[in-house]
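So the structure is just underneath, and the comments pick up after that.
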Amino acid sequence: MSFPSRLTKLFTIGIPFAMALGLGMLANPNTVWAAGLNLDLGNSAAQQTSTSIQLLLLMTVLSLAPAILMLMTSFTRIIIVLSFVRNALGTQQLPPNQVMAGLALILTFFVMAPTWNQINTNAVQPYMKNQITQTEALTKAEEPLRNFMFRQTREKDLELFVGLSKMERPKTYREVPTYVLIPAFVISELKTAFQMGFAIFIPFIVIDMIVSSTLMSIGMMMLPPMMISLPFKLLLFVLVDGWHLVVQSLVTSFH
């Protein structure tokens, strides 16, 4: 395995794996020994060392987990589409950014739950029980996440980064390195999110055009069209149960 592949595997698969392991260690310190971190340095020294390892692991997870969450899960598509909804409505800061980010995070957990359950069942739990080695655990944890990204990545985007990396054309998906897959997945998510955003904008643009034409035809050019069109757009969004439709479209787009 090349150095970029090893480095990418460490930060993309090792950190989610370490997150689950770290939470388990914090909940039950005895799992430090089950995880194979037994350091024969005496009782006091061993306890201090295990605590330091837990703190170091936790700080590493906290610093790198946000980037992994945004770029290797469904979060990117969801937050962009929700932002398009708010911009199309023209409500400026409503819903607030905190509500939008929170909803996107909850939907991300919902969409990614099957993938994370596979990682927990096939990699984290066997490793915590000392049934498999760390290398085997990382390999088993990598597969569900890669499968998720492959399902959402366009072949055209994947071919782009395979060509840019100047590697031999892979014959199977297993031969595609993770450091090539991640950027292809990200730009595929961006394209899909913008396509969904365009579809969301269409009905609201029609309302804006109708209101603007009506105001011009009756000579009320000094009245901001946005002031008149906003209530109609909100009414349309409520009548069609817009949040239900948007969330349903987002979740089903990953299947």
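The values are calculated or read from the model by the stated rules, or taken from the named source; none is laboratory data. As the structure is a prediction and not an experimental result, all values here were calculated from the model. As a convention, Cβ positions derive from the backbone with ideal geometry for all residues, glycine included, and neighbour counts pool all protein chains shown. To get the accessible areas, we keep the full protein, side chains included, count just its heavy atoms, and leave off ligands, DNA and RNA. Shrake-Rupley method; radii C 1.70, N 1.55, O 1.52, S 1.80 Å.
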- Residues of the range 154-206 being in a helix (DSSP H, G or I), out of contact with any Ser or Thr (no Cβ under 9 Å at 6 or more places or on another chain), more than 22 Å from V81 (Cα to Cα) and not aliphatic (A, V, I, L, M), which ones? E155, E159, F161, G163, Y173, R174, E175
- Note on the structure: Apart from one, (1) open to solvent by 90 Å² or more (accessible area, probe 1.4 Å); (2) more than 21 Å from the chain's Cα centre (by Cα); (3) of a type in the set (F, W, Y) all hold for F194; the odd one out is (2)
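Can you tell me which residues in the range 235-252 are part of a helix (DSSP H, G or I) and open to solvent by 70 Å² or more (accessible area, probe 1.4 Å)?
Narrowing the range 235-252 to residues part of a helix (DSSP H, G or I): 235-239, 242-252.
L235, V238, L239, W243, H244, L245, Q248, T252, listed by residue number.
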- Cβ-Cβ under 8 Å pairs, at least 6 apart or on other chains, the range 91-114 side closer than 18 Å to Q248 by Cβ and open to solvent by less than 80 Å² (accessible area, probe 1.4 Å), far side part of a helix (DSSP H, G or I) and among the polar types (S, T, N, Q): M100/S83
- Lone unmet requirement of (1) small (G, A, S); (2) in contact (Cβ under 8 Å) with a residue 12 or more places away in the chain; (3) farther than 21 Å from S74 by Cα for A141: (3)
- Query: Out of (1) aliphatic (A, V, I, L, M); (2) out of contact with any Asp or Glu (no Cβ under 9 Å at 6 or more places or on another chain); (3) touching a residue at least 24 places away in the same chain (Cβ under 8 Å), the odd one out for I187 is which?
  - Reply: (2)
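Can you tell me which residue among M209, M226, M222 is in a helix (DSSP H, G or I) and without any contact (Cβ under 8 Å) to a residue 24 or more places away in the chain? Give the steps one after another, and end with the answer.
Numbers: M226 fails: without any contact (Cβ under 8 Å) to a residue 24 or more places away in the chain; M222 fails: in a helix (DSSP H, G or I).
Result: M209 is the single residue among M209, M226, M222 that is in a helix (DSSP H, G or I) and without any contact (Cβ under 8 Å) to a residue 24 or more places away in the chain.
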- Item | Matching residues, the range 157-184, being under 21 Å from the mean Cα position of the chain (by Cα) and charged (D, E, K, R) | D157
- From Y173, Y179, grab the single residue that is open to solvent by 90 Å² or more (accessible area, probe 1.4 Å) and farther than 30 Å from L245 by Cα. Y173
- Message: For the range 120-149, which positions are open to solvent by less than 30 Å² (accessible area, probe 1.4 Å) and within 28 Å of L82 (Cα to Cα)?
- Response: P144, L145, R146, F148, M149
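A quick yes/no check of all residues on (1) at pLDDT 85 or above; (2) touching a Phe, Trp or Tyr at 6+ places or on another chain (Cβ under 9 Å); (3) under 25 Å from L181 (Cα atoms); (4) among the polar types (S, T, N, Q):
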residue: S52; (1), (2), (3), (4): no, no, no, yes
residue: L56; (1), (2), (3), (4): no, no, no, no
residue: T60; (1), (2), (3), (4): no, no, yes, yes
residue: L64; (1), (2), (3), (4): no, yes, yes, no
residue: I80; (1), (2), (3), (4): yes, yes, yes, no
residue: A104; (1), (2), (3), (4): yes, yes, yes, no
residue: F109; (1), (2), (3), (4): yes, yes, yes, no
residue: A113; (1), (2), (3), (4): yes, no, yes, no
residue: A123; (1), (2), (3), (4): no, yes, yes, no
